[in-house]
Amino acid sequence: MNIKIIGVVGAGTMGNGIVQVCAAAGLKVIMQDIGEAQVERGLTTIAGSLDRLIKKDKISEQDKQSTLANISTTTALADLADTDIVIEAATENEAIKLDIFRQLDELCQPQTILASNTSSISLTRIAGATQRAEQVIGMHFMNPVPVMALVEVIRALQTSDATFQTVHELSEFIGKIPIEAKDSPGFVANRIIVPMINEAAYVYYEGLASAEGIDEIMKLGMAHTMGPLMLADLIGIDVIYAVIKVLHEGFGDSKYRPCPIWQQMVDAGYLGRKSGRGFYNYADK
Ligand code: NAD
């Protein structure tokens with residue numbers, strides 16, 4: 001595998017997790033975000049996550065130090081120019097992503113692969129915004145990245161076999177299990193899970209049960225490890241809302257109509273764990 005240096009755009013929930021697993025596998029990683037505060041928060045989260053692994057005897061203090069030593073940070077996208085692959089994990093917003101990919105296309109080396117961790121935005125459209133469409137691909141990691149084994153590897157219509165092969169190898173190298181999927185609204189994982197979460201939100205919105213009740217029903221009755229509303233808080237209310245809208249618009253099918261509660265929660269700033277409040281309150285945690 002000829003990937004040695006990785007750029008990660010976005011140091012949020014997913015970005016810092018991706019940085020952590022790549023750095024822990026021995027790769028050099030440059031983590032980029034729009035401001036120092038975001039980058040610092042990303043680094044603090046990684047250090048905390050590594051500390052938890054030390055407490056569980058999964059890694060040593062030495063492992064932590066060598067992982068952190070593989071990470072550098074920046075607020076300038078141009079600093080990713082000499083990376084072998086960039087994995088974009090910025091906010092789930094098409095205009096933001098297209099702008100990032102256009103800039104990366106301009107500034108990166110011609111051979112650099114450009115991957116996106118998007119949950120739902122068309123990879124074919126993202127690829128089409130660049131002059132290197134065959135080197136654009138989806139690497140859809142699951143949350144929390146250091147824990148979850150899957151990477152859904154999504155081929156845009158234009159993605160070359162060579163790009164797919166490299167990303168497949170990279171996914172395995174960082175300890176993940178890649179599964180191939182085609183580009184379509186929500187790909188596979190979110191096409192299935194997000195409508196279920198949306199339905200759980202409707203059940204809550206209609207007052208049929210409390211958030212705890214809905215989650216317990218799905219845990220005790222369906223053997224889910226986490227209830228759908230707690231999962232929505234973990235993923236991010238804004239992210240779920242963005243994905244269900246993409247499914248609704250992409251298929252034009254009313255079965256994907258977003259529950260009105262998503263817009264209300266986003267307006268209220270109730271974005272889930274990352275903002276301290278979603279369906280549950282995390283303020284004191
Ligand atoms: P987040 O809100 O936690 O983090 C997004 C980060 O992107 C923020 O730090 C923000 O400052 C940064 N950002 C925004 N615009 C930027 C720009 N122009 N350049 C650089 N950085 C920028 O979001 P997240 O949950 O980490 O989601 C990131 C991506 O991962 C989204 O595409 C999302 O759909 C996808 N994803 C999320 C989950 C999940 O469970 N949260 C799972 C799989 C995939």
Can you give the angle from 0 to 90° between the axis of helix 189-205 and the longest principal axis of the chain, with both taken from C-alpha atoms, to the nearest 10?
-> 30
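Rounded to two decimals, what is Rg over Rh for the chain when you use alpha-carbon atoms and the Kirkwood radius? Don't skip to the end; give the middle numbers.
On the way: Rg = 18.7 Å, Rh = 19.4 Å.
My calculation of the ratio gives 0.96.
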Using only the Cα atoms of the stretch 120-271, what do you get for the radius of gyration and for Dmax, in Å?
-> 17.0, 51
For the chain, what is the calculated [θ] at 222 nm in deg cm²/dmol (nearest 500), taking -39500 (n - 2.57) for each run of four or more DSSP H residues and dividing by its residue count?
-> -14500 deg cm²/dmol
Nearest 10, in degrees from 0 to 90: the angle of helix 36-55 to the longest Cα principal axis of the chain is 80
Can you pull the three principal axis extents for the Cα set of the stretch 35-79, in Å, largest first?
-> 37, 17, 9
How long is the gain from M196 to Q131 if the chain were fully straight, where each residue apart is worth 0.36 nm and the alpha carbon distance is subtracted?
-> 19.7 nm
Taking the Cα centre of the chain as origin, sum charge times position over the Cβ atoms of Lys and Arg (+1) and Asp and Glu (-1), and report the length of that vector in debye to the nearest 20.
-> 360
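So if I place +1 on the C-beta of Lys and Arg and -1 on the C-beta of Asp and Glu, and nothing else carries charge, what would the dipole magnitude of the stretch 184-264 be about its Cα centre? I want it in debye, nearest 20. Can you show the working numbers first?
Working: 5 positive and 9 negative charges, 52 e Å.
The dipole magnitude comes to about 260 debye.
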In degrees rounded to 10, the 0-90 angle between helix 13-24 Cα long axis and the longest Cα principal axis of the chain is 40
Under 10 Å, Cβ to Cβ, from I154 - net charge with Lys/Arg +1 and Asp/Glu -1 = -1
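Below 8 Å between Cα atoms, with a sequence gap of 6+, how large is the relative contact order for the chain in percent? Numbers along the way, then the final one.
Working: 517 pairs, mean separation 39.4, N = 285.
Value for the chain: 14 percent.
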Contact order normalised by residue count of the stretch 160-285, Cα under 8 Å, 6+ apart, percent | 22
What Rg and what Dmax come out for the stretch 58-194 when only alpha-carbon atoms are used, in angstroms?
-> 15.1, 44
How many angstrom separate the Cα center of the stretch 76-134 from the Cα center of the stretch 227-281?
-> 25
If you bin the C-alpha pair distances of the stretch 214-282 every 5 Å from 0, what whole percents do you get?
-> 4, 18, 22, 20, 20, 13, 3, 0
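Rule-based calculations on the coordinates, nothing more; no lab input. Since we're looking at a predicted model, the values are computed, not measured. Cβ sites come from the backbone with ideal geometry, for glycine too, and all protein chains shown count toward neighbours.
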